[in-house]
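**Student:** I'd like to ask some things about the structure below.
Just so it is clear, none of the values below were taken in a lab; they were calculated from the coordinates. Predicted model, so just to flag it, every value in this text is computed and none were measured. Here the Cβ is made from the backbone with ideal geometry for all residues, glycine too, and neighbour counts use every protein chain on show.
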Amino acid sequence: VTCGYTGIVSVDKRDSMIRAVILHSTMRLIPMLDQLRKGLQLYELPKIMNTHQDLCKPLFVTGEDDKVDAVFILENSRPVFSEIGSAKHRVETNIMNFFQDYLQEIEDSGVLTVGQIMQWITGQGHKPVLPSEKKDFVINVRFHHDCDTHHTVCFPIVSACSRTITFPSAHLKTFSEFKNIMTLAICHGQTFDRV
């Protein structure tokens, strides 16, 4: 009725009702699109859009790149920090800075991919697709401070089911140590491949 259909509402009149809805939507949409077109012509944007379609398409067509990058992992990481100002907090902050630098370095190099790191941590190497998954997607970051330092190395522990990574703080004092331990853990750890 709000679209201008005034006939009898029944299954037999379905085509007439659909036609009224389409006509109503089109008549509302055309003036809006015309106004948008006039606004774009003000700065000769239609010309630019014709010559640089690949650059302009993401501005007007929705769609996301599902490739994981360092920013995606860091934005979705939720570290559980110790009390601010404590020695533990300072160590944890350094580890998170190392993690950021490591992801950036991986992104710029060709040895590993950030997607492989996410696969190792969460069990999936791509961004969540469904809106409900996107909203609830979090990578939990924890720190283990009570490690016995009598051994030479401890690796981060990942739990893909809970999307959690636990860093052994006693063995990650420098970026070099962090990088070596992470690379060993990812390259030689268990993966979520098809058997």
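**Student:** Out of GLU75, GLU107, GLU92, any idea which swings most in a Gaussian network model of the chain, alpha carbons joined below 10 Å?
**Tutor:** In this elastic network of the chain, the residue with the biggest mean-square fluctuation among GLU75, GLU107, GLU92 is GLU75.
**Student:** Suppose the chain between ASP66 and ILE8 were pulled fully straight at 0.36 nm per residue; how much longer would it get relative to their current alpha carbon spacing?
**Tutor:** Gain on extension, ASP66 to ILE8, equals 16.2 nm.
**Student:** Would you mind checking which residues have amide H under 5 Å from CYS154's amide H? H placed 1.01 Å from N; only 5 or more apart, or other chain.
**Tutor:** none
**Student:** Hey, what number do you get for the chain at 222 nm if only DSSP H runs of n ≥ 4 count, each worth -39500 (n - 2.57), divided across all residues, to the nearest 500?
**Tutor:** -16000 deg cm²/dmol
**Student:** Further question on the same structure: Quote the FRET efficiency, to the nearest 0.05, computed for HIS144 versus ASP108 with a Förster distance R0 of 30 Å and r equal to the Cβ-Cβ distance.
**Tutor:** In this case the efficiency is close to 0.55.
**Student:** So for the pair LEU74, THR93, with labels modelled 7 Å out along Cα→Cβ, what separation do we get in nm?
**Tutor:** 1.6 nm
**Student:** Please list, in order along the range 25-36, the HN-Hα scalar couplings obtained from phi with the Karplus expression 6.51 cos²θ - 1.76 cosθ + 1.60 (θ = phi - 60°), rounded to whole Hz, x for Gly and Pro.
**Tutor:** 5, 5, 5, 7, 6, 4, x, 5, 5, 5, 5, 4
**Student:** While we're on this one: How are the Cα pair distances of the chain distributed, in percent, across 10 Å bins from 0?
**Tutor:** Over the chain, the share of Cα pairs per 10 Å bin runs 7, 24, 20, 14, 13, 12, 7, 2, 0 percent.
**Student:** While we're on this one: List the residues, sorted by chain then number, that are 5 or more residues from LYS127 or on another chain and whose placed amide H is less than 5 Å from its amide H.
**Tutor:** VAL68
**Student:** Right, another one. Mind checking which lysines have their Cα closer than 30 Å to the Cα of LYS67? Skip sequence neighbours fewer than 8 apart in that chain.
**Tutor:** Partners within reach: LYS57, LYS127, LYS134, LYS135, LYS179.
**Student:** On a straight-distance basis, which lysines could pair with LYS173 in a cross-link, Cα separation under 29 angstrom, same-chain partners fewer than 8 positions away excluded?
**Tutor:** Output for LYS173: LYS88.
**Student:** Each residue of the range 12-18 in order: what ³J(HN,Hα) in whole Hz does its phi give by Karplus 6.51 cos²θ - 1.76 cosθ + 1.60, θ = phi - 60°, with x for Gly and Pro?
**Tutor:** Using θ = phi - 60°, the values come out as 5, 9, 4, 4, 5, 5, 4 Hz.
**Student:** Each residue of the range 73-88 in order: what ³J(HN,Hα) in whole Hz does its phi give by Karplus 6.51 cos²θ - 1.76 cosθ + 1.60, θ = phi - 60°, with x for Gly and Pro?
**Tutor:** Using θ = phi - 60°, the values come out as 5, 5, 5, 9, 7, 10, x, 9, 8, 6, 4, 4, x, 7, 5, 4 Hz.
**Student:** To continue, here is another question. Would you grab the residues whose amide H sits under 5 Å from the one on ILE139? Only those 5+ places off in sequence or on another chain, please, with H modelled 1.01 Å from N.
**Tutor:** Amide H neighbours of ILE139: SER77, ARG78.
**Student:** Please identify, among LYS127, LYS38, LYS67, the residue showing maximal mean-square fluctuation in a Gaussian network model of the chain using a 10 angstrom Cα cutoff.
**Tutor:** With Cα springs under 10 Å in the chain, the top fluctuation among LYS127, LYS38, LYS67 is at LYS38.
**Student:** Here's something else I'd like to know. May I ask you to sort CYS56, CYS187 by Cβ crowding, counting other Cβ atoms within 10 Å and putting the fewest first?
**Tutor:** Least to most surrounded, the residues fall as CYS187, CYS56.
**Student:** For MET49 and ARG28, what is the calculated FRET efficiency with R₀ set at 25 Å and r taken between the beta-carbons, to the nearest 0.05?
**Tutor:** The computed FRET efficiency comes out at 0.55.
**Student:** Around ARG163, what is the net charge, scoring Lys/Arg as +1 and Asp/Glu as -1 over all other residues with Cβ under 12 Å from its Cβ?
**Tutor:** 0
**Student:** First measure r as the distance between the Cβ atoms of PHE175 and LEU130, then evaluate 1/(1 + (r/R0)^6) with R0 = 30 Å and state the FRET efficiency to the nearest 0.05.
**Tutor:** The formula returns an efficiency of 0.25 here.
**Student:** Here's something else I'd like to know. Find how much the distance from ILE157 to SER16 grows on full extension, using 0.36 nm per residue of separation minus their present alpha carbon separation; answer in nm with one decimal.
**Tutor:** In short, 44.5 nm is gained.
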